[in-house]
Amino acid sequence: MSDHTDWPGREIGNQPEWTDQGDANRGHDEDAPVLVAVINNGRDLARARDEGWYRIPLKRAPRRVAAEYLAFYQTGAFGDQGCAINYYAPVRRFHLLTRAELLPNEADHPRARDPYYKIELGPLQPLPRPVPSRALRRIAFIPTTLRRLLAAREINDLWQRDDPQERLWLALREAGLLVEYRYQVSQPGGEAAVDFALFCRDGQIAVLCDDMASQEGALRERRPADYELTAAGWTVLRFSRSELEAELPRCAGAVIATVQQLGGQGGGVMRNE
């Protein structure tokens, strides 16, 4: 399946079909790709449940929209079900339409002519257990697999990290640290993503792993500069791929030492909302 960057000049407005993904009765492939998307109001959840579709603005879509399943992160607006993933659904097919075509009753909306992906869905299915956001953090799109989705106990378990980052993640977790992955930092120029965020009593740490964000399948995210993070009160640690591969104990030790310098993590996890 291709992403939207492979569709130059695709005409908006004639409901072009992208790919048929089958129906909800297909066998479960645990390695099937899943895209986690955000739902922040009951109307959109009702459309997914009752009408079988979800929309993503083209200009805000991740680089890889293609997936066999869509899972929904419900924001705090949903009360007891909020700040967690509770449902997922099989993807049937994609269309590229204007917002006015998707929502004809809102034809005078300021974004009425903007292009959107319409993702047709099979039946919504409840997860065996909800996948909560431990830090109640702001969530963007998360690419994952069905295996990870069904096994996850919290949001950070969903991310598919490459090997060097996975090893650093595990080393920090084994040291007893609470680590947020692909954390969205609000800045004057817009949100930016840091690879790992750790929150301490006396400060916050941003860990940036160089040469990782450009890999195939990476999300379209702005990477913050060190000075931007420092000005916002972050302590920045930056590691290259070669450092992580050859000197993992030193890299993990540097993070652990910085956490200790900032008073440890006993103060709890800060929120990004």
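To keep it simple, each residue is scored yes or no on (1) at pLDDT 85 or above; (2) over 14 Å from the mean Cα position of the chain (by Cα); (3) surrounded by fewer than 21 Cβ atoms within 10 Å (Cβ to Cβ); (4) not hydroxyl-bearing (Ser, Thr, Tyr).
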site: 179; (1), (2), (3), (4): yes, yes, no, yes
site: 184; (1), (2), (3), (4): no, no, yes, yes
site: 190; (1), (2), (3), (4): no, yes, yes, yes
site: 197; (1), (2), (3), (4): yes, yes, no, yes
site: 200; (1), (2), (3), (4): yes, yes, no, yes
site: 204; (1), (2), (3), (4): yes, yes, yes, yes
site: 213; (1), (2), (3), (4): no, no, yes, yes
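Is it the case that some residue within segment 91-107 is outside the structural domain of residue 37 (by TED's automatic domain parsing), in contact (Cβ under 8 Å) with a residue 60 or more places away in the chain and closer than 18 Å to residue 63 by Cα? Even if it seems obvious, please write down each step before you answer.
Applying the first criterion (outside the structural domain of residue 37 (by TED's automatic domain parsing)) to segment 91-107 yields none.
Looking for residues that are outside the structural domain of residue 37 (by TED's automatic domain parsing), in contact (Cβ under 8 Å) with a residue 60 or more places away in the chain and closer than 18 Å to residue 63 by Cα, one finds none in segment 91-107, hence no.
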Matching residues, segment 233-273, being touching a Ser or Thr at 6+ places or on another chain (Cβ under 8 Å) and modelled with pLDDT under 90
272
Out of curiosity, is residue 146 farther than 18 Å from residue 68 by Cβ and in contact (Cβ under 8 Å) with a residue 60 or more places away in the chain?
no
Residue hits (segment 75-86; in contact with a helix residue (DSSP H, G or I) (Cβ under 8 Å, 6 or more places away or on another chain) and modelled with pLDDT of 95 or more) are 85
Single residue of 92, 113, 129 found to be among the basic types (Lys, Arg), part of a strand (DSSP E or B), at pLDDT 90 or above and in contact with a strand residue (DSSP E or B) (Cβ under 8 Å, 6 or more places away or on another chain):
92
Does any residue in segment 35-60 that is on the phi > 0 side of the Ramachandran plot come within less than 9 Å, Cβ to Cβ, of a residue that is surrounded by 15 or more Cβ atoms within 10 Å (Cβ to Cβ) six or more places away or on a different chain, and which pairs are these?
52/89; 52/92; 52/120; 52/121; 52/122; 52/124
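The values are calculated or read from the model by the stated rules, or taken from the named source; none is laboratory data. Being a predicted model, the structure only gives us computed values, none of them experimental. Ideal geometry is used to build each Cβ from the backbone, glycine not excepted, and the neighbour counts take in all protein chains shown.
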